[in-house]
Structure formats: structure tokens, C-alpha cells
Amino acid sequence: MEGYFSEETPRSPRKDLGLVEYGGRTSWSIGELSGARARGRVARVHTGFGRLGLERVLVSGVSGPIGTALLASFEPQSTQIVRLVRGRAQGAAQVSWDPLAPVSPAAVSGFDAVVHLAGETVVGRWTEEKKKAIRESRVQGTRNLAAALAQSEAKPRVLVCASAVGFYGNRGEELLREESPAGQGFLSEVCHEWEDASRIAAEAGIRTVNLRIGLVLSAKGGALANMLKPFKLGLGGRIGSGQQWWSWIHVDDIVGGIHHAIGTEWGVGPGSGPGNGPLSGPVNLVAPNPVRNAEFTKVLASVLGRPAFFPVPEFALRLAFGKMAAEELLLASQRVEPGKLGASGYAFRFRELRGALENLVG
């Protein structure tokens, strides 16, 4: 929903991957570092992405909850992070760009990996102007960046590009995998065009991963932050019938999934080996246990210690957000499975909703 409502074997290779180790356990999710810090646990960071050649990474969309968490995950490493920013660049750690204008190939040359998260928020009433901004910021922005990367003298090894589970549209009880076809509706059209725009880079030989991100759970923005106020006041409840499936993901697992998508190129992840090549194409970035909206609101209220007696009827949502936005963002049912991510060996930190919410707001 940013994905939606916002803007992741042998022991010896692990120390070469820049992975986090704490509490006697080594994890494949570098995003776990932030959670360890928040709970006051000591984290020991093994540096080493540079030893694999990942010395410079270009990131767009850094102001949102995903981008903020991603940047923090690189702090303990020697990797140089450069941000794509609108307006004037402030020093060598920033590159100025306008998503709607061509990008200079020289400006994006020489990076080992590019993570593209930028896009107009989908939150708000979908006027024609808003829909144009949602589409153009994603489709045209991705097309311009991918074209520049394809033409650059020193191309990146990998482009990790955000997409969303909105690709699938409203699918009821259907279990959705990466090979499932696109659905119908505005968001589905945008996501299809968004992913298609990145093919320019793939056709130039750049490994391209399209992360279909689910409902982002973060304490610093996105859908969860918008829901907290009414629920804390005891005014929360199911949305519409509450029977629609919500495919959610903790922001730490988004960060972990991004690092995993980058790292699979070197074949040292737990799922690497014969027949398991680097991740590419669409990858569902959702937790393995989606829930219905009624269950989501029940668990959130329980974690906050508040009742959830005030359901929001569908007509109220349509009045507040407009018919199209309400139906595609809040009432759509998307039961999505992280097939590729699981098959490639990614170990989720948060598989169950209660644990994820307790970590963020409990």
C-alpha cells in the first residue's frame, strides 16, 4: 500500500558479506542492526561488502521510511552511499536529478549497485493531477534513470527497483506469486508500467530486481503511522468487511530483502548453489504470513492495549479518499506469497504480525 503507504550454508562467507552478528547469532538481514540497537543489544558488524567489490551505492527515495532505514543499515560499513536528490546537490554524497527529465549517464556512472525507491506517495485523494504525479514519478522517473544507467560508461552490477503488490489488483482469495498476471485498476497499470520502465537497464545487461513491496510497517511513517492515532484513542476497527487480505512487511525485512537481493549475485547466500542464480525480475517483498484486515486491526489493538470496536464502513472510506483510492488501497484483497525470496534463502526476521507490531509499537 507505499510499497503502498510509504515513498529485504557455510559460515565462512558470512564474514565477507558485511552481516550483523549479535546475541550469538549471525543473520542474513543487515536491517536487524536497527532493531538490536533499539533494544540496547550489542551488535558486532563484520565489514566486507567492499571486499566483494560493493564500494559505491546510489540510492533514490531516501526521505521515506524505507530509504531512511536503508541508509542506516549501511552506516557500519565502508560502502560509500550517494543519494539522488531533487534540487541542488550538497557535496559528493549527492547527485541532483529531476525524475521527469533525462539523467546524465556520467552522473550515475561508476556505482556497483543502484537502489531506486523514489515515487510520489499514493496517500490522499486521487485527483487527476495526483494520479498523474503517481504515474509519472514512478514510470518516467524509472525510465530516465534506467536509460542513464544503460548508457553509463561504468554500469552497476545490479539495479534494485521498487514496485508494489498493487501490481496484482484486487484478487480476493487467490494466492499470488511472482508469475501471477497483473490485475486491473489504476495501481496495477502503474506498477506494470513501472516495472516495464526498468527493462531498459536489464536489456543493457544490468541485473534488475523489481521488488513488489507490501504494506510497509514502520514506526517512522507509512500506513502504520497513519493508523496509530485512532487506535491509541480506542477508535480503531476493521476496514470495510475486514475480509480483505493484507500482505504486510516489517521495514527491517525490507532493508534485509534489499541487501539480500544485492548479495545473491555472489552466490554466497544460504539459498545459493546449483540452480539458484542471482535474483532478478519481480520479487514479492512481503512477510510469509499475510492476514485479513479484521485480524490486522484486532492484533494492532491488542498490542496497543486498546479496544477495536469502531469499524470503518466502505461508504465512509469512499467519501474520505474517493472511490478509486479507497477500493484499491484499503479494500483490495492481495494474498501474496514471497516465493522467490524464500527459495533464495532469505531468513525473515518478522514472520508473524504480532511480533512485528510489538517490535514497532508495543
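Worth a mention:
- There is no residue in region 188-195 that is over 11 Å from the mean Cα position of the chain (by Cα), of a type in the set (A, V, I, L, M, F, W, C) and surrounded by fewer than 21 Cβ atoms within 10 Å (Cβ to Cβ).
- Scanning region 182-227 for residues that are of a type in the set (Ser, Thr, Tyr) and not in a helix (DSSP H, G or I) yields Ser198, Thr208, Ser218.
- Count of residues meeting criterion [surrounded by 23 or more Cβ atoms within 10 Å (Cβ to Cβ) and not hydrophobic (A, V, I, L, M, F, W, C)] in region 314-339: 3
- Helices (runs of 4 or more DSSP H) contained in region 280-362 and holding at least 1 residues under 28 Å from Asp196 (Cβ atoms) and small (Gly, Ala, Ser): 339-343
- Taking each residue of region 332-351 that is within 19 Å of Ser163 (Cα to Cα) and at pLDDT below 95 and looking for partners that are hydroxyl-bearing (Ser, Thr, Tyr) and surrounded by fewer than 22 Cβ atoms within 10 Å (Cβ to Cβ) with beta-carbon atoms closer than 6 Å, six or more apart or interchain, yields nothing.
- Going through (1) surrounded by fewer than 20 Cβ atoms within 10 Å (Cβ to Cβ); (2) closer than 20 Å to Gly214 by Cβ; (3) among the aromatic types (Phe, Trp, Tyr) one by one, Phe348 falls short only on (1).
- Residue within region 221-237 that is touching a Gly at 6+ places or on another chain (Cβ under 7 Å), within 21 Å of Val361 (Cα to Cα), buried (at least 20 other Cβ atoms within 10 Å of the Cβ) and not hydroxyl-bearing (Ser, Thr, Tyr) present: yes
Rundown of residues vs (1) among the basic types (Lys, Arg); (2) modelled with pLDDT of 95 or more, yes/no style:
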{"position": "Leu235", "(1), (2)": "no, no"}
{"position": "Arg238", "(1), (2)": "yes, yes"}
{"position": "Gln243", "(1), (2)": "no, yes"}
{"position": "Gly257", "(1), (2)": "no, yes"}
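- Selected residue (criterion: nearest to Val122 (Cα to Cα)) from residues of region 153-193 that are aliphatic (A, V, I, L, M) and in contact with a helix residue (DSSP H, G or I) (Cβ under 6 Å, 6 or more places away or on another chain): Leu187
The values are calculated or read from the model by the stated rules, or taken from the named source; none is laboratory data. As the structure is a prediction and not an experimental result, all values here were calculated from the model. Every residue, glycine among them, receives a Cβ derived from its backbone with ideal geometry; neighbour counts consider all protein chains shown.
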